[in-house]
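Here the structure comes first, spelled out in structure tokens, and everything after it is commentary.
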Amino acid sequence: MQIVMIAPEKLPLPGNGSVEICILSIARELARRHQVTIISRSVKGSPAMERIDQITIRRVSATHAADYTRSVIRLLHTLELHVIQVDNRPHSMAAIKKAFPHIPVVLYLHSLTFVKPGPGKVAALKKADCIAVNSHSLKRRLSQRFPAIKSRLHVVPLGTDVERFRPAVNRDEQLRLRKNVGLTDRFTVLYVGRVIPGKGVDVLIRAIALLQKHLTVQLVIAGKGPQQFIRYLRKLARKYNVQVVFLGQMKHEQIDQLYRSVDCLVCPSQNHEAFGLVNVEAMASGIPVIASDNGGIREIIQSGKNGYLISGYGKPQPFAAALSQLASSPALAQSLGECGRETAAAQFSWARTAMHLEAAYTRLIRA
């Protein structure tokens, strides 16, 4: 099968672009059995074409979104095609389907970001032969917002690399990895993701402030965001005397080591999370996850079994209480981490994601 995947941005991405991470990971699995080409925007210093892990990456220059779509269509006319997948860009997908009416075109949506309500969006979405979504929660939201496309929606959960994301071998490895990023030997809480309003990082800092009344604790924040908001978070941490390390944006190929160095991950999102890739990565790494009970997160975590779901996630107290339970009971933390690892390995591998997509491609081509 000749599969072409259209990335919304640049590949390889110098950071934590979760959509591009997903595209590369899925493509690696599909390339075991098929010929896979990824098209992305040009990257300074990278060639227009190269091979990575049996995947062909083609890069095109573009100054804006419409220009990128036109460049992609020109390149597609030079390729042999069986199926085209476009991630997260409905209008680009619609233009590509118009240019290739006889080729199956799949739209893979990772969030609600690019599907705001409106008649123009409905018209674009209806062009897709199939719309893959990463959770049942996202499917419900889209079905309510655009009833006309409900029959096109198919849930294809995301995954993680369960070999790279693994638990620390022992305490010595954990402490060694901590030293690499300047962390000390105390209970360590991790946040990974965009550092923006709505992700709940300020709620987490307040939760740590409550926790440290009876426990020595440190917070690690890995991700980038607006400087103004990060300055606000630093000021908030100083106000409550919370020890926090801002690591900034980390390369995704290094993030697995960070998971192995900490005691738990907290995902305190205040808005709808379609999936929450960091939760699965942390679970595969064998650390407990405490996350907001919203969106697709509740399809990953079974509260009390492989992590904790926080229903009152707008307030710091429930997060502080869950963190206190983990910190005071290493046996509980280990049990949750081990169960999380089992869940990730059984249900959330990239091989499983690729299998779902492969089945969808095959149905469309046969039809």
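The values are calculated or read from the model by the stated rules, or taken from the named source; none is laboratory data. Source: prediction; values computed, not measured. Note: ideal-geometry Cβ built from the backbone for every residue, glycine included; neighbour counts use all protein chains shown.
Structure summary
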{"read-out": "Residue that is surrounded by the most Cβ atoms within 10 Å (Cβ to Cβ), among those in the range 78-91 that are touching a strand residue (DSSP E or B) at 6+ places or on another chain (Cβ under 6 Å) and of a type in the set (S, T, N, Q)", "value": "Gln85"}
{"read-out": "Residue that is within 24 Å of Ile23 (Cβ to Cβ) and β-branched (Val, Ile, Thr), where the choices are Val122, Val201, Val133", "value": "Val133"}
{"read-out": "Subset of the range 183-228 [under 21 Å from Ala327 (Cβ atoms) and in a loop (DSSP other than H, G, I, E, B)]", "value": "Leu183, Thr184, Asp185, Arg186, Gly200, Gln212, Lys213, His214, Leu215, Thr216"}
{"read-out": "First in the range 226-255 and within 14 Å of Ala207 (Cβ to Cβ) and free of Cβ contacts under 8 Å to residues at least 60 places away in the same chain, second anywhere and surrounded by 14 or more Cβ atoms within 10 Å (Cβ to Cβ) and acidic (Asp, Glu), Cβ under 7 Å, 6 or more apart", "value": "Leu233/Asp202; Leu236/Asp202"}
{"read-out": "Phe165, sole failed condition from (1) more than 19 Å from Pro8 (Cα to Cα); (2) more than 26 Å from the chain's Cα centre (by Cα)", "value": "(2)"}
{"read-out": "Filter pass, Gly198 being surrounded by 14 or more Cβ atoms within 10 Å (Cβ to Cβ) and either within 29 Å of Thr343 (Cβ to Cβ) or within 24 Å of the chain's Cα centre (by Cα) (or both)", "value": "no"}
{"read-out": "Condition check for Pro288: within 16 Å of Val189 (Cβ to Cβ), crowded, with 18+ Cβ neighbours inside 10 Å and assigned by TED's automatic domain parsing to the domain that holds Asp185", "value": "yes"}
{"read-out": "Within the range 1-74, strands (runs of 3 or more DSSP E) holding 1 or more residues that are farther than 23 Å from Ile96 by Cα and among the hydrophobic types (A, V, I, L, M, F, W, C)", "value": "49-52"}
{"read-out": "Residue identified as aliphatic (A, V, I, L, M), assigned to a helix (DSSP H, G or I), out of contact with any helix residue (DSSP H, G or I) (no Cβ under 9 Å at 6 or more places or on another chain) and modelled with pLDDT of 95 or more among Ala320, Ala282, Ala359", "value": "Ala359"}
{"read-out": "Any hit, the range 5-25, residues being at pLDDT below 95 and farther than 17 Å from Asp87 by Cα", "value": "yes"}
{"read-out": "Qualifying residue in the range 170-181 (condition: buried (at least 19 other Cβ atoms within 10 Å of the Cβ), part of a strand (DSSP E or B) and not hydroxyl-bearing (Ser, Thr, Tyr))", "value": "no"}
{"read-out": "Any hit, the range 27-42, residues being among the small types (Gly, Ala, Ser), buried (at least 20 other Cβ atoms within 10 Å of the Cβ), under 22 Å from Cys130 (Cα atoms) and in contact (Cβ under 8 Å) with a residue 40 or more places away in the chain", "value": "no"}
{"read-out": "The range 288-309, subset in contact with a Phe, Trp or Tyr (Cβ under 6 Å, 6 or more places away or on another chain) and not in a helix (DSSP H, G or I), residue nearest to Ile255 (Cα to Cα)", "value": "Ile290"}
